[in-house]
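Participant: Below are the structure tokens for one structure; questions will follow.
The values are calculated or read from the model by the stated rules, or taken from the named source; none is laboratory data. None of the values given here were measured: they were computed from a predicted structure. FYI the Cβ positions are ideal-geometry reconstructions off the backbone, even for glycines, and counts take in every protein chain you see. Surface areas here come from the heavy atoms of the whole protein model, side chains and all, with no ligands, DNA or RNA. Shrake-Rupley method; radii C 1.70, N 1.55, O 1.52, S 1.80 Å.
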Amino acid sequence: MAKKTLSNAQIEYYLTIPLGSEDEQDSSGAESDDDIAVIRSTVNELGETFVDTDDEEQFVSPNRYGSAAPLSYGGDMQQHISNPSGSIPAVPSTSRSTASRTRQSTVVSSGSTAPKDAAPAPAASVARKKRNIIWKKKSFHPTNREFCGQTDLEPPVTELETPLQYFLYFFDDYILSHIVEEMHKFSVQKNPAKPFFTSVTELKKYIGVCLLMGIAPLPHTRMYWESELGLPLIRNTMSVNQFEKIRQYLHFNDNTTQPPAGTAGHDRLHKIRPLLETLKKKCQAIPKREALSVDEQMCATKASNMLRQYLPNKPHKWGYKLLVLCDDRGFAYDFEIYSGMENNPDLRLPNEPDLGASANIVIRLARCIPRDKNYKLFFDNYYTCPELITYLANEGIYSMGTVNKGRLGKSIQIPSLKDLKSSKKERGYSEEWVGNVNGTDIVTVMWFDNKPVVLSSSFVGKEPTQKVRRFCKKQKKYIDIDCPQIVRNYNKHMGGVDLLDSFLGKYKIKMRTKKWYLRLFYHFLDIATINSWLLYRRVGEMRQIATPLKLKDFKFEVAKSLCMCGSSMNKRKGRPSSASNDLITTKRMRANVAILPTRDVRCDGVEHFPMWGQKRQRCKNPGCKGKSFVVCEKCRVELCLNKDKNCFRLFHL
């Protein structure tokens, strides 16, 4: 069979863009199978996008927000639908350069007559959707912005007392039991002949040791069990072999339930998904404060993994990126791990719009925010766009953020730094615009500080302005300049995630590991500890506690309680440890000061046995001034135990 080729007239006709057509495109219907085959082959050559629908064949192109918009077929093009010659061969690959030159030079009107052996073909893709927002220079006057949400804490949160109870509210026995079950299952999958068994109590001790390592960091894990540099509390909690055995089999999900990569339902975060979802539900259950913010967070690591990101502007440039919803005090209510699938349509609810990958993150994190309560949500220019602010306003959530000029449309003329300097605008100069997006008024304010800053909001504008102090290099002194209210609100409430990062950086777990999910597990341990401490302080404000524990003291008490609760600290395998003598020596170094165990330890009811001490000491039961030889074997404190007093029993109630 002879090879079929197209004539020059056919190629010119295929690449013709008719004048006056919508979006400057040629769109035509197709009835015969031959015409459809020609269109498909031509589209494949020209790199177009083709979608089959149930009713008819349509050419589509993705718009700005990721959805496909079909082209409409013009009525005056129906005369070219039929193909009188029967079949027309596809455009050969050798004519691609000729076709591209012909596209630029040939223009044929819609009423032109095509050659007899020619057939219509698709043209270029649909242009991006443009923002048609009309901005006007006027003052913004918001209404009904009073916060009416519920912020009061309720039981069982208000019934928590000790730091360990606050921590176990987030890492409860349900999570720990699930981890123990998955660890056993993982050990059987690795080696059925040698399954690994552990308990919730041993896992709590492992977590306590990890928290202690964050408070007192050492270069290597095994150094904590050395007699010179190690910690007696860690040595007396578990052996180094038991610790490394738990770390080896630490697991959170069944590997056999993960669909293969490239198939439907595949989850890149499958290994840590149960822990992630359970911890998120615990954090979301806490009543939220009025001011919330969304920002990025880095879980620092340089381990080779597809989830690792590089952010050059962050203090820790390499690591796993998290998107976090925080309040202005650093409490994390919701978070998600960046996995490269943030714009997956399966993650959107039916009533949620598709506003792009960055704005969709804010929409998902805002699901846990109560609607129509006038919460205030802050974010930066990575997420801000007028459509996002409008969507949140329609949901009853006010929002604000810095914004890139290109996302506001062409009708707004925001002066650049060069324009401000050429017009000799003083520092503190500002301009205000109000626009209407889908029936909702939003305001955009430009403020000239060292550089022009642009912010958009749905609840606060330029007024009332206040004075702020800035250092002037020319005058070499501090001066007062005008600052819009929108800037003051943004600076006051936007730093919630940064505040959480500062808390995490003080005493975070720095244990190195090649398993990506373990690095995230330690990060979530730190987040749970910070949330526990902030919740403890919040409840303390309700109870009017004057001097709450500092973060290091709170974390140390949680770690010590996890290490000591539930079982004796004296029964260990191997050579006898000198940790008990070290504890007693440490206690006697400072006169008249007793190191008391935490309330969770002394009231756990496990292996508190009396033993006879070497020296008669003051009773450590509060309110007792007697002296006794009797020492609690687990708590390591002297307590009265005779026919007249039973401080031993009262101390452990």
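Participant: Suppose all protein chains stay in the model; what accessible area per residue would a 1.4 Å probe give for region 135-243, in Å²?
Facilitator: 52
Participant: Ignoring ligands, DNA and RNA, what percent of the accessible area of region 195-261 is carbon or sulfur (1.4 Å)?
Facilitator: That fraction is 56 percent.
Participant: In whole angstrom, how far apart do the alpha carbon centroids of region 347-378 and region 595-624 sit?
Facilitator: 53
Participant: Among Ser411, Ala303, Pro287, which residue has its Cα positioned farthest towards the positive end of the charge dipole of region 280-416, with +1 placed on the Cβ of Lys and Arg, -1 on the Cβ of Asp and Glu, and the dipole taken about the Cα centre?
Facilitator: Ala303
Participant: Here's another thing I want to ask about it. Answer with one residue from Ile509, Pro464, Gly439: the one whose Cα lies farthest towards the positive end of the charge dipole of region 412-565, charges on Cβ with Lys, Arg +1 and Asp, Glu -1.
Facilitator: Ile509
Participant: Using θ = phi - 60° and the Karplus relation 6.51 cos²θ - 1.76 cosθ + 1.60, list the HN-Hα couplings for region 638-643 in order, rounded to whole Hz, with x at every Gly or Pro.
Facilitator: In residue order, the calculated couplings are 7, 9, 5, 8, 8, 6 Hz.
Participant: Go through Lys552/Lys615; Lys321/Lys506; Lys508/Lys560; Lys314/Lys474 and tell me which ones have a Cα-Cα distance over 28 Å in this structure.
Facilitator: From the list (Lys552/Lys615; Lys321/Lys506; Lys508/Lys560; Lys314/Lys474), the Cα-Cα distance tops 28 Å for Lys552/Lys615; Lys314/Lys474.
Participant: OK, next. Distance between the C-alpha centers of region 141-162 and region 398-451? Whole Å please.
Facilitator: For region 141-162 versus region 398-451, the Cα centre distance is 34 Å.
Participant: Write down the accessible area per residue of region 435-489 in Å², having rolled a 1.4 Å probe over the full set of protein chains.
Facilitator: Here the per-residue accessible area is 53 Å².
Participant: Amide H to amide H, which residues 5 or more places from Val437 or on other chains are under 5 Å from it, using H placed in the peptide plane?
Facilitator: Correct list: Ile442.
Participant: Still on this structure, please answer the following. In µm²/s, what is D for region 279-343 at 20 °C and 1.002 mPa s, where D = kT/(6 pi eta Rh) by Stokes-Einstein and Rh is the Kirkwood radius from Cα pairs?
Facilitator: The Stokes-Einstein estimate is 166 µm²/s.
Participant: Which peptide among 442-453, 228-239, 203-214, 145-156 comes first, and what is the full order, when sorted by highest mean count of other Cβ atoms within 10 Å?
Facilitator: For the peptides 442-453, 228-239, 203-214, 145-156, the packing ranking is 203-214, 442-453, 228-239, 145-156.
Participant: Can you list the HN-Hα couplings for region 516-525, worked out from phi with the Karplus curve (6.51, -1.76, 1.60; θ = phi - 60°), rounded to whole Hz and with x for Gly and Pro?
Facilitator: Computed from phi, the couplings for region 516-525 are 5, 6, 6, 4, 5, 4, 5, 5, 5, 4 Hz.
Participant: Taking all protein chains in place and a 1.4 Å probe, what share, in percent, of the accessible surface of region 307-436 do carbon and sulfur account for?
Facilitator: 49
Participant: Sorting check: for 500-510, 522-532, 355-365, 410-420, which peptide has the highest mean count of neighbouring beta carbons within 10 Å, and how do the rest follow?
Facilitator: Ranking the peptides 500-510, 522-532, 355-365, 410-420 by packing returns 522-532, 355-365, 500-510, 410-420.
Participant: Only Lys, Arg, Asp and Glu count, each charged at its Cβ (+1, +1, -1, -1), so figure out the dipole size of region 149-263 about its Cα centre, rounded to 20 debye.
Facilitator: In debye, rounded to 20, region 149-263 gives about 760.
Participant: Between beta-carbons, use under 12 Å as the cut-off and find the net charge around Cys483, counting Lys and Arg +1, Asp and Glu -1.
Facilitator: +3
Participant: What ranking do 620-627, 460-467, 632-639 get when scored by the average of other Cβ atoms within 10 Å per residue, highest first?
Facilitator: Highest to lowest by the protection proxy: 632-639, 460-467, 620-627.
Participant: Find out how many positive minus negative residues lie around Lys625, taking Lys and Arg as positive, Asp and Glu as negative, among other residues whose Cβ is under 14 Å from that of Lys625.
Facilitator: Summing Lys/Arg as +1 and Asp/Glu as -1 gives +3.
Participant: Would you mind counting up the charge near Tyr320? Only other residues with Cβ under 10 Å from its Cβ, with Lys and Arg at +1 and Asp and Glu at -1.
Facilitator: +3
Participant: Now a separate question. Within region 373-484, what percent of beta bridges assigned by DSSP are antiparallel, to the nearest 5?
Facilitator: Expressed as a percentage, antiparallel bridges in region 373-484 total about 85.
Participant: Please give the per residue accessible area of region 360-419, computed with a probe of 1.4 Å over protein heavy atoms only, in Å².
Facilitator: In whole numbers, region 360-419 has 35 Å² accessible per residue.
Participant: Out of region 378-477, which GluC sites (Glu not before Pro) are coil in DSSP terms and have no more than 12 other C-beta atoms within 10 Å?
Facilitator: Glu426
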